[in-house]
Amino acid sequence: MNSVIEAILQRRSIKQYTGEQVTDEELEQIIKCGLYAPNGRSAQAPVFVAVRDKQTRDLLSKLNAEVMGSGEDPFYGAPCVICVLADAQRSTAVEDGSLALGNMCLAAHSLGLGSCWIHRCRQVFETPKGKELLEKWGVQGDLIGVGFCILGRSTQQKEPAPRRDNRVYYVD
Ligand SMILES: Cc1cc2nc3c(=O)[nH]c(=O)nc-3n(C[C@H](O)[C@H](O)[C@H](O)COP(=O)(O)O)c2cc1C
């Protein structure tokens, strides 16, 4: 099996982290893989905000938890969060951002890091506090949040759920 297929089959959504931060080099490589994802009309619409600052990471966690009405940390203690946003005016905004998120989760796995897509990014950046953060970061444009990619180190070992049957059709 080649290494790309192996990574696709072995990657899991990691929901338990040691708290040890990802390095600059790891983060740069992961974001690069997001930047190179296929995207509608080659518009390169997704925007990435990588957050390692603890205070900001905790604020994003709080805003995300508030959307759910939960008091738990939806980022599972992961020390790094990449917010993926995309141009709301593009018909492929969600698809573009989603593929970037998928690429980044795979890249993280290939580097021995844990990752997980965390939802409710759209709602977080629709709140006044979310909008304030974008302004503070200098992120401009009519953007929608697509997803959060949490990153960190983990000792969690997970097996994939069995794949559901009857989902593939071949027309030869
Ligand atoms: C669109 C999307 C949204 C997700 N949102 C969350 C989330 O908010 N919280 C979470 O713990 N996992 C979330 N996940 C991760 C899924 O729970 C995970 O992918 C699924 O259980 C399959 O596990 P695996 O990725 O290890 O194969 C999300 C995944 C996707 C694709």
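Excluding ligands, DNA and RNA, the accessible surface per residue across the range 9-152 is 51 Å² with a 1.4 Å probe.
Cα-based values for the range 9-152, radius of gyration first and Dmax second, are 14.1, 40 Å. The simple Förster model, with R0 at 45 Å and r as the Cβ-Cβ distance, assigns residue 91 and residue 16 a FRET efficiency of 0.75.
Length gained on full extension, residue 155 to residue 172: 1.8 nm, using 0.36 nm per residue less the C-alpha separation.
One chain, two ends: residue 1 and residue 54. Fully extended at 0.36 nm per residue, the span grows by 15.2 nm beyond their Cα-Cα distance. Remark: relative contact order (the chain) = 33 percent; criterion is Cα-Cα distance under 8 angstrom and separation of 6 or more residues. Solvent-accessible area of the chain (1.4 angstrom probe, protein heavy atoms only): carbon and sulfur portion equals 49 percent.
Quote the FRET efficiency, to the nearest 0.05, computed for residue 137 versus residue 44 with a Förster distance R0 of 22 Å and r equal to the Cβ-Cβ distance. Here the calculated transfer efficiency is 0.70.
The values are calculated or read from the model by the stated rules, or taken from the named source; none is laboratory data. Bear in mind that the values here come from a model prediction, so they are computed numbers and not experimental data. Neighbour counts run over all protein chains shown; Cβ positions are idealised from the backbone, glycine included. Only protein heavy atoms, including side chains, enter the accessible area calculation; ligands, DNA and RNA are left aside. Shrake-Rupley method; radii C 1.70, N 1.55, O 1.52, S 1.80 Å.
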